[in-house]
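Structure first, commentary second.
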């Protein structure tokens, strides 16, 4: 049976973007378990011993039921350089537990800290985050990422990002790239385009 994961940011006792995590979990149930009642994350979380201070990754593994919940103290990785690579990884509206394709992509980073994954010449994600590019005026995020992240969903809903197809040859039109995910807020990791190795 397929297993899925939600990684939810917990900061000083507050869960971030729970509504968007629930929406993504619901998509997994619609696709794989249409006859099952979805897990309600809020109900599952309030039964846990929740750390009151600090930043934690709340990692929830599930299929038709919640398998495991753990709270992992979070330390952000240092990202200073990115390598552009071409890989054919499928886009899905939920988050599978199996990260094999992303791990294979990450293994191609060479002397860089992470990879930027292109599929058929179009930008998708890094190995662990969604991305957005700044043209000097606006921020644009790939129209078809590999993972529809919860932070990305919130940023789009709030009008801070615009979806757009971005090819590898378009990179020179932009000034900066931002990396963000459920744990990393938009603006915390921003690099110059010159930090991308093609």
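Here, each number is a calculation from the coordinates, and none is a lab measurement. Bear in mind that the values here come from a model prediction, so they are computed numbers and not experimental data. FYI the Cβ positions are ideal-geometry reconstructions off the backbone, even for glycines, and counts take in every protein chain you see.
A few comments on the model shown:
- Computed over the chain: relative contact order in percent, which uses C-alpha pairs under 8 Å that are six or more apart: 20 percent
- Nearest-ten-degree value, helix 18-32 long axis tilted from longest Cα axis of the chain: 80 degrees
- Helix-only [θ]222 nm of the chain, DSSP H runs n ≥ 4, -39500 (n - 2.57) each, per residue, nearest 500: -5000 deg cm²/dmol
- Antiparallel DSSP beta bridges within the chain, as percent of all bridges there, nearest 5: 75 percent
- The shape of the range 122-198 comes out rounded: with a ≥ b ≥ c from the C-alpha gyration tensor, a/c is under 1.5.
- Taking 58, 112 and counting other C-beta atoms within 10 Å, the order from fewest to most: 112, 58
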